[in-house]
Amino acid sequence: MASKNDPFQFQEFDEAGTLLESNRDAITISIDDEDLKSKRQRSAVGFAQDVGDEEPLISEDREELLSGKNKNAPFWTFEYYQKFFDIETHHVRERILGSLVPWPGKNFIQVHLRKNPDLYGPFWICTTLVFAIAISGNLSTFLRYFGNSNYKYTAEFGKVSIAATAIFSYAWLVPLGLWGLLLWRSNKILNLVSYSFMEIVCVYGYSLAVYIPAVVLWIPHVEWLRWLSIVVALCLSSSVLVMTFWPALRDDHPKVIIATVAGIVLLNGLLAVGCKMYFFSEAKLGPGHVSPPAAIITNGTSS
C-alpha cells in the first residue's frame, strides 16, 4: 500500500476549480492544446504536405498487406503473379469486347489495359478455346458419320492435350519472341515505344477470344462457312495485334516493320488454319473403310 504522502501517487486538487471560479480570465493549457499547437506550428513552417502525404502512404501499405501483394517479389514466386489475377469482372468484359471490336486509332494497351495487365482473362480465354476446339472437333466427327451403321463413335480425349499445347504455346512463346524483338529494337532506336512482357501476353490472350465463337461455327460440315469464320476471326484478331504494336514499330526500319507485321499475321493465321485442318479435317471414306477413330463392326466382332 502506498502512503498518503507518496509524491508519485496521482492526486486530485480541489483548489483548481476554486481558483478558476474566482478568476474567470485565467488561461488554461491542456495536453490536447499543446498537440494542436505543435501541428499548427509544423503547418506554418511548411510541413503540411509531408504530414498529408503520410496518410496515403499508410493506406497503400495497409492495402498492400491486406491484399497480399508484394511489389518486390521475384518473378518465379506466386506472389509476383498474384497481382495479375486481381481484376474486376467488368474490366475483363470490357477487354474482351475491345478485342472483338477493334477500332482504328485505338491502342488496346492504352485504352483497356492502362498499365494494368492481367492474366486472369487470357488464361480463361485460352482454356475455353482449348475445350471449345476439342469438344467441337469430336462433335463434328460424330455428326459427320452419324447414321452410318459401320461407325462406332469413340471420344478422342487426346485432342484436349494437343489443343492445349498448341494454344498455350502460341499464347506464351510468340509474345516472348515479340517482346525480345521489341526490346532489342528499342535498344537500337531509343525513341521507340516499349511494352512489358506481361502486356504483350495479355494482348495476345485477349486477341484469341474471337476464335471461340468461330470454332463453334466449324461444327457443321459447311466448308464455306468454316473458311469465312476463319477469315473474319483472323482479320479481327490480327487487327488488334497490329494496331496495338504499331506505335512500337512505326519509327523502325521499313524492312523490320514489314517483317514483324507479316510475322504477327502469319503466326496468327497458322494457328487458325492449323486447328481447322487438324481437328476438323474430313477423311475420305473408301470402300469398306471408315476414318479413325471409327471401328467397323461386322457380325458382332470389330476389326
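The values are calculated or read from the model by the stated rules, or taken from the named source; none is laboratory data. As the structure is a prediction and not an experimental result, all values here were calculated from the model. Cβ placement follows ideal geometry from the backbone for every residue including glycine, while neighbour counts extend to all protein chains displayed. What goes into the accessible areas is simple: the full protein's heavy atoms, side chains included, and nothing from ligands, DNA or RNA. Shrake-Rupley method; radii C 1.70, N 1.55, O 1.52, S 1.80 Å.
Here are some conditions: (1) out of contact with any Phe, Trp or Tyr (no Cβ under 6 Å at 6 or more places or on another chain); (2) of a type in the set (A, V, I, L, M, F, W, C); (3) crowded, with 21+ Cβ neighbours inside 10 Å; (4) part of a helix (DSSP H, G or I). Ile200 meets all but one. Which one does it not meet? Unmet condition: (1). Given the residues Glu54, Glu88, which is the only one that is open to solvent by 30 Å² or more (accessible area, probe 1.4 Å), out of contact with any helix residue (DSSP H, G or I) (no Cβ under 9 Å at 6 or more places or on another chain) and modelled with pLDDT of 70 or more? Going through Glu54, Glu88 in turn, just one is open to solvent by 30 Å² or more (accessible area, probe 1.4 Å), out of contact with any helix residue (DSSP H, G or I) (no Cβ under 9 Å at 6 or more places or on another chain) and modelled with pLDDT of 70 or more: Glu88. Scanning the stretch 159-176 for residues that are surrounded by 14 or more Cβ atoms within 10 Å (Cβ to Cβ), within 18 Å of Gly274 (Cα to Cα) and of a type outside the set (Ser, Thr, Tyr) gives Lys159, Val160, Ile162, Ala163, Ala164, Ala166, Ile167, Phe168, Ala171, Trp172, Val174. Within this structure, Ser140 passes the test of being over 16 Å from the mean Cα position of the chain (by Cα), open to solvent by less than 70 Å² (accessible area, probe 1.4 Å) and modelled with pLDDT of 80 or more.
Is it the case that some residue within the stretch 143-158 is assigned to a loop (DSSP other than H, G, I, E, B), of a type in the set (Asp, Glu) and under 27 Å from Lys276 (Cα atoms)? The answer is yes; a qualifying residue exists.
A single member of Ser239, Ser281, Ser229 is within 26 Å of the chain's Cα centre (by Cα), among the polar types (S, T, N, Q) and open to solvent by 40 Å² or more (accessible area, probe 1.4 Å), and it is Ser239. Which residue pairs have Cβ atoms under 7 Å apart, sit 6 or more places apart or on different chains, and have a first residue in the stretch 79-91 that is within 20 Å of Phe108 (Cβ to Cβ) and assigned to a loop (DSSP other than H, G, I, E, B) and a second that is at pLDDT 75 or above and not small (Gly, Ala, Ser)? Between residues of the stretch 79-91 that are within 20 Å of Phe108 (Cβ to Cβ) and assigned to a loop (DSSP other than H, G, I, E, B) and residues that are at pLDDT 75 or above and not small (Gly, Ala, Ser), the close pairs are Ile87/Asp118; Ile87/Tyr120.
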